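Derivation of every value follows stated rules applied to the coordinates shown; laboratory data play no part. Quick caveat, the model's predicted, so the values are computed rather than measured. A quick note on method: Cβ atoms are made from the backbone with ideal geometry, for glycine too, and the neighbour counts reach across all protein chains shown.
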Amino acid sequence: MSTPGNAANPAELTETTEDKRPKFGNRFLTDDNDVFKHNAWDNVEWDEEQEKEALAAVTKNSTQKMNAEDKEKFQNDADKFWDSFYGVHQNRFFKDRHWLFTEFTELAAPHAAEDQKPRSIFELGCGVGNTILPILKYSNEPQLKVYGCDFSERAIEILKTSKDYDTKRCEVFVMDATLDEWSVPFAEGSLDIIVLIFVLSAIEPTKMSRVAGSCFRYLRPGGLLLFRDYGRYDMAQLRFKSGKCLEDNFYVRGDGTLVYFFTQEEVRDLFCKAGFVEEQSVVDRRLQVNRGRMLKMYRVWIQTKMRKPITETINQ
Ligand SMILES: C[S@@+](CC[C@H](N)C(=O)[O-])C[C@H]1O[C@@H](n2cnc3c(N)ncnc32)[C@H](O)[C@@H]1O
């Protein structure tokens, strides 16, 4: 299997069984001598020295930017590189992400006693269904409607052949989420939830605000956007070799797929400028440990929940 930084590593996308945990901050490392006693530690603090080392690694791998021609190729053919990725990996990295329903409780089916108004959920960049399939599997809502799009035709084909794909409650389709106008089977202002899990990082930074704006338009007033993605100085960013950087914090992996590493502020800015109000923003810093090889791997993810206000504020 390729190492992080060289390929869209399935292990990066699925995280690990250690992630099947009851929310952030479950296991703390209080004594450095204990570090190899478990596979992962939550909410690890970074000291100044570590931040400096991370900055030095990023400066080193990003000072030399990719030439314009290569950059254009990777950006213009991004869907084809993802097609090849899914051609190789199929849905083998599919794992039931239990953290989905603990971090994003909103995705779980409401209790019977709660308002059973039919819910609609849309996932952008749904891939082979690592989020959509568990939602369908664990929801008993007959009227639930789950939509998903991905610009990789291969991913959508694979998802549609899954045994848990339920055509009554789910509709997935090929679409580039960065288009000005989405061609979608639902109306503007209609969706309850939009999910962006490890997808915005695959999109060119200059197109991200357009995607945020489209999400805002299609959510109903009071609707919720759920976001989880790579954070700045994640291990995968530090491991890139020179020559792989398209622009600051935006890289191409060995398999041609693109990845951006966000700060919490960038994510906040992006969605708040589109009109959202932030309900949650967490930097999930985890130390993953390879006990066999005595390796320490510092992971950083950003998790955010953004609400579309019930009444839109008009900027004076
Ligand atoms: C890192 S994968 C994550 C897939 C899925 N969300 C998951 O968590 O397993 C990124 C996905 O985003 C899709 N993607 C990237 N850019 C896209 C775009 N502009 N429009 C639609 N899908 C896109 C890729 O094809 C890929 O399936």
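For Tyr147, the amide hydrogen comes within under 5 Å of the amide hydrogens of Ile121, Phe122, Glu123, Glu171, counting only partners 5 or more places away or on other chains and with H modelled in the peptide plane.
Could you put Trp99, Trp46 in order, starting from the residue whose Cβ has the fewest other Cβ atoms within 10 Å?
So the ranking, lowest neighbour count to highest, is Trp46, Trp99.
If you plug the beta carbon distance of Arg220 and Asp248 into 1/(1 + (r/R0)^6) with R0 = 51 Å, you get a FRET efficiency near 0.90.
Among Arg169, Arg299, Arg286, which one shows the biggest mean-square fluctuation in a GNM of the chain, springs joining Cα atoms closer than 10 Å? Fluctuation is largest for Arg169.
Normalised by residue number, the volume inside the convex hull of the Cα atoms of the chain is 153 Å³ per residue. When you restrict to C-alpha pairs under 8 Å that are six or more residues apart and normalise by the size of region 128-191, the relative contact order lands at 36 percent. Scaling the Cα radius of gyration of region 177-316 by the globular reference 2.2 N^0.38 Å produces a ratio of 1.17.
As a proxy for reagent exposure, ranking Asp269, Asp31, Asp150 by other Cβ atoms within 10 Å from fewest up yields Asp31, Asp269, Asp150.
For a 21 Å ceiling on Cα separation, which of these pairs sit above it: Lys71/Lys241; Lys168/Lys207; Lys80/Lys160; Lys160/Lys305?
Result: Lys168/Lys207; Lys160/Lys305 exceed 21 Å.
From least to most packed, judged by other beta carbons within 10 angstrom and beginning with the fewest, Met175, Met208, Met294 follow the order Met294, Met175, Met208. In order along region 101-110, the phi-based Karplus estimate (6.51 cos²θ - 1.76 cosθ + 1.60, θ = phi - 60°) of 3J(HN,Hα) comes to 8, 8, 6, 10, 4, 5, 7, 6, 5, x Hz; Gly and Pro are listed as x.
Sorted from greatest to least, the principal axis extents spanned by the alpha carbons of region 80-203 come out as 46, 32, 26 Å.
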